[in-house]
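Below: one structure, written as structure tokens.
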Amino acid sequence: MIAYIVRRTLYVVPILAFVNLITFVLFFVVNTPDDMARLQLGVRRVTVEAVEKWKAEHGYDKPMLYNGRAQGLQRLTDSIFYEKSVRLFVFDFGNADDGRSIRNAILTRMWPSLALQLPVFLVGLSVYISFALLMTFFRATYIDFWGVVLCVAMMSISSLFYIIGGQYLFSKVWNLVPISGYSPGPDAFKFLVLPVVIGAVSGIGSGARWYRTLFLEEMGKDYVRTARAKGLAETTVMFRHVLRNGMIPILTGVVVVIPTLFLGALIMESFFGIPGLGSYTIDAIQAQDFSIVRSMVFLGSVLYIVGLLLTDISYTLADPRVRLE
């Protein structure tokens, strides 16, 4: 098992290096340091001296990949690629264009993102599985039929409809919760209850329908027919056999999502004014602060790859029939 985990972990290094290289090319070849300087200073009436000064202040006045004027190892380290990309591997994100530490901002903003995304994840998972079990238990009946119709209808509605409709109905009309904002501590509940409910409801269509498909597939397998032939009740077959075996693919899908909880939800945080990593990324895009955007892309890649690694490990733990190769 340890050798398997080590092998899977070693796979992460070349994948992350390739993602980092592609990100660097997209940010610095498509959008050169001169372009970034003009975006920050304003396209009109920008002098060459102002562009060069901005590049020197933000560390973009060095060669892109290789510094031939330096000596020894500094030929590689004294370059934009090393300063802006290689240092990301040790989570040295540097400073934003306003001079603030990106690392400190991430450590501060990750908690509001978790406070929002973790309840959405837990509540949503419980609702999706429960609704899927209900439709599976009453399969081929009107409950199953109208349940699928409801799922398809909810999948067809944009998440923006749930956000705007929820804010209008619960905040503006009924005045039950604040329309936006955030406060740390116990007061955070009144700001998070509406986003959590909307986040869980907006995913019922796709989530419940996917879990229903998994459970129906399990219902047609031989061990279910054997359990019924032994005289077990349908509820016992459903919860003791189908649910337990259906949790294997559910577990593998869930583990991938867990690391991304730290990044928050871009649209949800922006609409509800929650100072998490999602709104932090949106604000950076609007301000053309590529240092923050580049750091968030790298962090998202790391978390997603870690999620895939945890998925492989959890699958081997959940199903002992899987060979550790």
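How about region 81-101: which of its residues are in contact with an Asp or Glu (Cβ under 9 Å, 6 or more places away or on another chain) and surrounded by 17 or more Cβ atoms within 10 Å (Cβ to Cβ)?
Answer for region 81-101, where residues must be in contact with an Asp or Glu (Cβ under 9 Å, 6 or more places away or on another chain) and surrounded by 17 or more Cβ atoms within 10 Å (Cβ to Cβ): 94, 96, 97.
Using the structure shown, decide if residue 200 is over 23 Å from residue 157 (Cα atoms) and either open to solvent by 20 Å² or more (accessible area, probe 1.4 Å) or touching a residue at least 60 places away in the same chain (Cβ under 8 Å) (or both).
Numbers: over 23 Å from residue 157 (Cα atoms): no; either open to solvent by 20 Å² or more (accessible area, probe 1.4 Å) or touching a residue at least 60 places away in the same chain (Cβ under 8 Å) (or both): yes.
No, not satisfied.
Residues of region 268-285 being in contact (Cβ under 8 Å) with a residue 60 or more places away in the chain and farther than 21 Å from residue 183 by Cβ, which ones?
284
Among 192, 169, 232, 176, which is among the hydrophobic types (A, V, I, L, M, F, W, C) and surrounded by 20 or more Cβ atoms within 10 Å (Cβ to Cβ)?
Values: 169 fails: surrounded by 20 or more Cβ atoms within 10 Å (Cβ to Cβ); 232 fails: surrounded by 20 or more Cβ atoms within 10 Å (Cβ to Cβ); 176 fails: surrounded by 20 or more Cβ atoms within 10 Å (Cβ to Cβ).
Of the residues listed, the single one that is among the hydrophobic types (A, V, I, L, M, F, W, C) and surrounded by 20 or more Cβ atoms within 10 Å (Cβ to Cβ) is 192.
Which ones in region 277-292 are surrounded by fewer than 19 Cβ atoms within 10 Å (Cβ to Cβ) and closer than 29 Å to residue 197 by Cα? Walk me through it before giving the result.
Kept after step one, since they are surrounded by fewer than 19 Cβ atoms within 10 Å (Cβ to Cβ), are these residues of region 277-292: 282-283, 285-288.
Selection gives 282, 283, 285, 286.
Residue check, residue 218 against (1) open to solvent by less than 50 Å² (accessible area, probe 1.4 Å); (2) within 25 Å of residue 17 (Cβ to Cβ), all met but one. Which one?
Checking residue 218 against (1) open to solvent by less than 50 Å² (accessible area, probe 1.4 Å); (2) within 25 Å of residue 17 (Cβ to Cβ), the one that fails is (2).
Report yes if residue 226 is touching a residue at least 24 places away in the same chain (Cβ under 8 Å), over 26 Å from residue 266 (Cβ atoms) and part of a helix (DSSP H, G or I), otherwise no. First the steps, then the outcome.
Details: touching a residue at least 24 places away in the same chain (Cβ under 8 Å): no; over 26 Å from residue 266 (Cβ atoms): yes; part of a helix (DSSP H, G or I): yes.
So residue 226 fails the test.
Search region 133-162 for residues that are open to solvent by less than 80 Å² (accessible area, probe 1.4 Å) and pair each with any residue that is of a type in the set (D, E, K, R) when their beta-carbon atoms are under 6 Å apart and the residues are at least 6 apart or on different chains.
Close Cβ pairs (under 6 Å, with a partner that is of a type in the set (D, E, K, R)) amount to 135/144; 135/212; 136/212; 138/144; 151/209.
Count, please, the residues in region 203-215 that happen to be closer than 30 Å to residue 276 by Cβ and open to solvent by less than 70 Å² (accessible area, probe 1.4 Å). Let's see the steps before the verdict.
Within region 203-215, the first condition is being closer than 30 Å to residue 276 by Cβ, and the residues that meet it are 203-211.
Adding the requirement that they be open to solvent by less than 70 Å² (accessible area, probe 1.4 Å) leaves 203-208, 211.
Adding up the residues that qualify gives 7.
Restricted to region 22-38, and to residues that are assigned to a helix (DSSP H, G or I) and open to solvent by 80 Å² or more (accessible area, probe 1.4 Å), which residue is farthest from residue 88 (Cα to Cα)?
Of the residues in region 22-38, the ones assigned to a helix (DSSP H, G or I) are 22-28, 33-38.
Adding the requirement that they be open to solvent by 80 Å² or more (accessible area, probe 1.4 Å) leaves 26, 38.
Numbers: 26: 16, 38: 25 Å.
Applying the filter and picking the extreme gives 38.
If you check residue 274 against the conditions, is it outside any helix (DSSP H, G or I), open to solvent by less than 60 Å² (accessible area, probe 1.4 Å), modelled with pLDDT of 85 or more and among the β-branched types (Val, Ile, Thr)? Write out each step before concluding.
Numbers: outside any helix (DSSP H, G or I): yes; open to solvent by less than 60 Å² (accessible area, probe 1.4 Å): yes; modelled with pLDDT of 85 or more: yes; among the β-branched types (Val, Ile, Thr): yes.
Yes: the conditions hold for residue 274.
The values are calculated or read from the model by the stated rules, or taken from the named source; none is laboratory data. Keep in mind that what you see is a predicted model, and the values were worked out from it rather than measured. Positions of Cβ are backbone-derived with ideal geometry, glycine not excepted, and every protein chain shown enters the neighbour counts. Accessible surface is based on the protein model in full, side chains and every heavy atom, while ligands, DNA and RNA are left aside. Shrake-Rupley method; radii C 1.70, N 1.55, O 1.52, S 1.80 Å.
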